[in-house]
Amino acid sequence: MTTRMSASGLFLTAVVAQVALALPAATLANAADDLPKESVLPLSMAGKAAQAAMEACKKDGYRVSVSVVDRAGVLRTMSRADGAGPHTVESSGKKAYTAASLRRPTTELAELINKVTTLQALREMNDHILMLGGGLPIEIGGDVVGGIGVGGAPGAHLDDACAQAGLDAIGAAPKVPTAK
């Protein structure tokens, strides 16, 4: 049996098909509006911060490693100075991860868990956490977009100072109090 459709039936079928195709696009556009928006740390800024931190430490005679991670703690860039200890690679990465993940300077966190013993468990959250100074969250425009970690200077306060130089280079909010 063969069915024939009139011209008006063909037109109506075409209109229904077009409307049906347009509905998913409209639904997708509305769904996209519902997605959260978040700032992203561009690779160029991560590199600029790492380079500035490295230069600050080099100027003071420290051979360090510098890591920069995004807001999720995923590595964006890492540099190791000539002669920096092999342990500095991992420590800088863990400091950057900790600062980004917990959204606070690692020196502040280390001091906090030493004062409040119930917070000692923060050290054991996962294998990427390191409660040792030298990690700073990267905050731009009120959003923490990543973290920078420096390892290898002879003291956490010196690692902090080099990391702060990295923040300064990209216009991020200061995280280390300036010396008075």
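The values are calculated or read from the model by the stated rules, or taken from the named source; none is laboratory data. Worth saying up front: this structure is predicted, and the values here are computed from it rather than measured. Note: ideal-geometry Cβ built from the backbone for every residue, glycine included; neighbour counts use all protein chains shown.
Out of the residues in region 53-87 meeting the condition of being part of a helix (DSSP H, G or I) and surrounded by 24 or more Cβ atoms within 10 Å (Cβ to Cβ), tell me which one is nearest to the chain's Cα centre (by Cα). Per the criteria, the residue is A53. Summed over region 130-173, residues that are in a loop (DSSP other than H, G, I, E, B), under 16 Å from the mean Cα position of the chain (by Cα) and surrounded by fewer than 20 Cβ atoms within 10 Å (Cβ to Cβ) total 4. Scanning region 162-178 turns up one or more residues that are in contact (Cβ under 8 Å) with a residue 24 or more places away in the chain, over 17 Å from K48 (Cβ atoms), β-branched (V, I, T) and outside the structural domain of S65 (by TED's automatic domain parsing).
Results for (1) of a type in the set (F, W, Y); (2) without any contact (Cβ under 8 Å) to a residue 40 or more places away in the chain, shown as yes or no for each residue.
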site: L43; (1), (2): no, yes
site: E55; (1), (2): no, no
site: K59; (1), (2): no, yes
site: Y62; (1), (2): yes, no
site: V66; (1), (2): no, no
site: V69; (1), (2): no, no
site: L75; (1), (2): no, yes
site: S79; (1), (2): no, yes
site: G83; (1), (2): no, yes
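Of the residues making up region 90-129, those that are of a type outside the set (A, V, I, L, M), under 21 Å from A49 (Cβ atoms) and in a helix (DSSP H, G or I) are E90, S91, S92, G93, K94, K95, Y97, T98, S101, T106, T107, E108.
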